[in-house]
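So the structure is just underneath, and the comments pick up after that.
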Amino acid sequence: FVLRNAGNTCTHAEGSMVGSLEFCTGKLGSRLILVLGHTKCGAIAGATQTFQAGGEKAPGSALEGLLQGLSVVAKEASEELGPGALQEELAAHTTKVNVFSSMNFLLKYSEPIRELVRKGDLDIQGGIYHLETGRVEFLGRSPQQAELLAAEGTLPPSMALGTVRTTSDGPMAPQAALKLLKVGNERFVVGAPKAGKVHSSMRETLATGQAPHTALVGCADSRVPLETVFDALPGDLFVLRNAGNTCTHAEGSVLGSLEFCTGPLKTRLIFVLGHTSCGAIKGATSTFLSGQKTKAPQALDALLQGLGSVVSDAQKELGKKATEEQVAAHAVKLNVFHTMNFMLKYSEPIRQKVRSGELEIQGGVYDLQTGRVEFLGASPSQAKLVAAEGAVAPSLKSKMQGA
């Protein structure tokens, strides 16, 4: 019962490949699956070249998508061989690693196959056919078989709908939520998202209530779609956005919304995300460095001047010789910490939760070119701010005085 494709892989044909194997081992009663690679495989050679070329871009064809998928295997083979491996040597080892990768894919994503193997009714073996001699080198079982059989299985990526979070799930620990952000961003970067499929049953479930694992404060920039960047499903993220990912001129709405999310909704992670080439930060940098001041500023002018303190700090840290571009780039990072510090300084409920360990505030910077998020961790000023006496947010204070 033969299934074939370039690279003897399930990665980009999991529905048909895995489904066909479930039919063969289930309905037809076959008790052996053999995954067979071969020497001088063109798909593996192309994937190796793709890996060594580096860089990440969206595939322009199905073939490019296949090679990018296999390049993950080439990366694993490269790490096993260590630096200095020749391309031919790397391609040969990738062929072997890819055989095990396909075997692992079956064990990870097919419950019927996994159950048959677990009971001893099915065996999965691997091998490499040598074009020069005609002999098959039998590799045996995957080294990871026992581990994969013990783990909880899941559907293949292209078939999985995902599970939406509701109030029945309860709060998620901050580090667990942070891990979801990191793993989701990695899927986005390599072009293997899972969250695009939303079924009507998921919407019906979400109508019963929400339990987002992370409150996310990000920029309004259209190039930074926050749910997409973290490959998140509806219900995963509680998103607040404005130009410059700042609280400074929207503390009532932003802080109030965050207190709602971390209070009644019991979210335990706040994540502040800036991004490279931020227009608001660039504008604030230009305004600050030019010394512009407006007597009766418009809302945008007020926003840019409000961010001026962040730009000032960035210039001080870099020195006067820094270019405007360098100052703006550094200000992006400092602005993330500035927003985190604002929350800790002006929200007593948030500060108390951080103090008790119930809540974490983390930050990051999204790179527009690579799609990767640089995770910055907590603010360097957190301990000091948590220990200090809090204050009322500026705009709320003026309203209270006016009353």
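The values are calculated or read from the model by the stated rules, or taken from the named source; none is laboratory data. This structure is a prediction, so every number in the text was calculated from the model and none was measured. Positions of Cβ are backbone-derived with ideal geometry, glycine not excepted, and every protein chain shown enters the neighbour counts. Heavy atoms of the whole protein, side chains included, go into the accessibility calculation; ligands, DNA and RNA do not. Shrake-Rupley method; radii C 1.70, N 1.55, O 1.52, S 1.80 Å.
Considering only residues in region 99-139 that are in contact with a strand residue (DSSP E or B) (Cβ under 6 Å, 6 or more places away or on another chain) and not hydrophobic (A, V, I, L, M, F, W, C), the one that is nearest to residue 23 (Cα to Cα) turns out to be 123.
One residue stands out among those in region 194-219 that are among the hydroxyl-bearing types (Ser, Thr, Tyr) and open to solvent by less than 60 Å² (accessible area, probe 1.4 Å): the one that is modelled with the highest pLDDT, which is 214. For region 236-253, the criterion of being closer than 20 Å to residue 372 by Cα, polar (S, T, N, Q), in contact with a helix residue (DSSP H, G or I) (Cβ under 9 Å, 6 or more places away or on another chain) and surrounded by fewer than 17 Cβ atoms within 10 Å (Cβ to Cβ) is met by none of the residues. Would you call residue 289 surrounded by fewer than 20 Cβ atoms within 10 Å (Cβ to Cβ) and either among the small types (Gly, Ala, Ser) or modelled with pLDDT of 90 or more (or both)? Answer is no for this residue. Being open to solvent by 20 Å² or more (accessible area, probe 1.4 Å) and within 28 Å of the chain's Cα centre (by Cα) is the requirement here; does residue 110 meet it? Spelling it out, it is not the case that residue 110 is open to solvent by 20 Å² or more (accessible area, probe 1.4 Å) and within 28 Å of the chain's Cα centre (by Cα). Every listed requirement among (1) buried (at least 16 other Cβ atoms within 10 Å of the Cβ); (2) in a helix (DSSP H, G or I); (3) under 28 Å from the mean Cα position of the chain (by Cα) is met by residue 80 save one, (1). Given the criteria open to solvent by less than 80 Å² (accessible area, probe 1.4 Å) and at pLDDT 85 or above, does residue 67 qualify? No. Consider only pairs whose beta carbons are under 9 Å apart and that are at least six residues apart or on different chains; among these, list those whose first residue lies in region 148-167 and is within 15 Å of residue 112 (Cα to Cα) and whose second residue is aromatic (Phe, Trp, Tyr) and at pLDDT 85 or above. Within 9 Å, the pairs are 153/109; 154/109; 155/109; 156/105; 156/109.
Scoring residue 35 on the criteria (1) in contact (Cβ under 8 Å) with a residue 40 or more places away in the chain; (2) touching a Ser or Thr at 6+ places or on another chain (Cβ under 7 Å); (3) closer than 25 Å to residue 186 by Cα leaves a single failure, condition (3).
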